Amino acid sequence: MSNRFGGLKELYHRVDDLFQLQFPRALCIEHLEDVLDGSIRVLDVCGTIRDVLSRMREGLQGLESSLRRRTGRESCLEGEIRAYMDTRKEMNKMIRNLKGMDRKCKSVVLDNDSEMVGVVNMLREAEEISLSMFDSLLSFLLLPKLRSKPTGWPIVSKLLHSRRALCDRMEATEAEKLEVELSLLKSSKDIKLEQVQKLLKDLEAFQATIKETEGDLECIFRQLLKTRVSLLNILNH
C-alpha cells in the first residue's frame, strides 16, 4: 500500500510542475473551476479517513490496555470491542460513499491539444485515482464477510471455520486475522493465556500498519492541499 501512495504523490508532483506554465486567464477560469470542486472533495475524503484511522488506532490501544490488565472478567473487554466495531462500521459507510464519488468524478476527457486542457485532464485523472486508492485502503482494512451481524456475534463453530479458512489464505490481512481473534475472544467462556497473547501480537501488528498508513495519508493530505492552493493562485492571478 505504501508503494501505491508513493505513486500517487509522484502524480501530484507532476501536476504541480505543470502549474508552473503560464496560461491565459480566460482558459483558467473556463477549465479549472470544475476541478477545483474535485480537489476539495478529495481533501475532505483524505482528511476523514485519516481521522477515522486515528480513532481506530485509539480503540486498538484501549483493547490492548484492557487485555494486559484484565482480571478474568470478560465484561471488561466488551465496551472496548464494541467501540472498535463501531469504528469499523463507520468505515464501511465511507466505502459506500466513496464508490458514489468515484462514479461522479468520471468525467469525459477533453479533446484538445492545449496545455491547459492537458492539466485539467490530469487533475481529473488524479482525483479519480485518489478516490480509488482510498477505496482500496478502506477495503484492505475491513472484513465484510466475517463482520458480526447487528443482532449478535457469530457462533463459535462458524468462527472456527472462518479461522481455518484464513489460515489457508496467504493474502489474509492483519485486519481479517484480528477480527476473527476478537470474535473468538468475545464468544469464549474460558479465555486462555495463549489466546490473549496471540491477540496482543495481532493488535501490535495492526497498530503498526495503521500508524504507517496514517503517515502516508498525512503526506498525501499535504500534497493535496498544496495542489489546491496552486489552483486557487492560478485562478486569482
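The values are calculated or read from the model by the stated rules, or taken from the named source; none is laboratory data. Predicted, not measured: the structure shown is a model, and the values here were computed from it. Note that we place each Cβ from the backbone using ideal geometry, even for glycine, and neighbour counts take in every protein chain shown.
Of the residues CYS46, CYS76, the single one that is modelled with pLDDT under 80 and part of a helix (DSSP H, G or I) is CYS76. Scanning segment 86-107 for residues that are more than 13 Å from the chain's Cα centre (by Cα), modelled with pLDDT of 60 or more and surrounded by 17 or more Cβ atoms within 10 Å (Cβ to Cβ) yields a total of 1. For segment 220-236, the count of residues that are within 23 Å of LEU63 (Cβ to Cβ) and surrounded by 15 or more Cβ atoms within 10 Å (Cβ to Cβ) is zero.
Criterion first (more than 22 Å from GLN207 (Cβ to Cβ), in a helix (DSSP H, G or I), over 23 Å from the mean Cα position of the chain (by Cα) and modelled with pLDDT of 75 or more) does ARG14 satisfy it? Yes, satisfied.
LEU143 meets the conditions (1) crowded, with 16+ Cβ neighbours inside 10 Å; (2) modelled with pLDDT of 65 or more; (3) touching a helix residue (DSSP H, G or I) at 6+ places or on another chain (Cβ under 9 Å) in every case but one. The failed one is (2). Within segment 31-43, the set of residues being modelled with pLDDT under 80 and acidic (Asp, Glu) comprises GLU33, ASP34.
Taking MET170 and the conditions (1) at pLDDT 80 or above; (2) surrounded by fewer than 18 Cβ atoms within 10 Å (Cβ to Cβ), which numbered condition does it fall short on, given that it satisfies the others? Result: MET170 fails condition (1) only.
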